[in-house]
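A.B. asks: Please find one structure pasted underneath; my questions will follow.
The values are calculated or read from the model by the stated rules, or taken from the named source; none is laboratory data. Everything numeric in this text was worked out from a predicted model, so none of it was measured. What goes into the accessible areas is simple: the full protein's heavy atoms, side chains included, and nothing from ligands, DNA or RNA. Shrake-Rupley method; radii C 1.70, N 1.55, O 1.52, S 1.80 Å.
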Amino acid sequence: MTPPILGPAGWKTWCAFDEVADIFQTDTDPTWEADRDLIDDPIADPWASR
């Protein structure tokens, strides 16, 4: 029996932007702002002070 191989699940397939452009046209989550306001810690750029 051949031992299992630890490695990538498969080869990466590169696509032209035109093939995936419709992904960026999806609607945003309408409840995002309300959900964001439920977070106790402020959302901040961790690199802003550098």
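A.B. asks: Just the C-alpha atoms of the chain: what Rg/Rh do they give, with Rh taken as the Kirkwood radius?
C.D. replies: 1.22
A.B. asks: Leaving ligands, DNA and RNA out of it, report the carbon-plus-sulfur percent of the accessible area of the chain at a 1.4 Å probe.
C.D. replies: In the chain, the share of accessible area belonging to carbon and sulfur is 59 percent.
A.B. asks: Taking only protein heavy atoms into account and a 1.4 Å probe, give the accessible area per residue of the chain in Å².
C.D. replies: Per-residue value: 116 Å².
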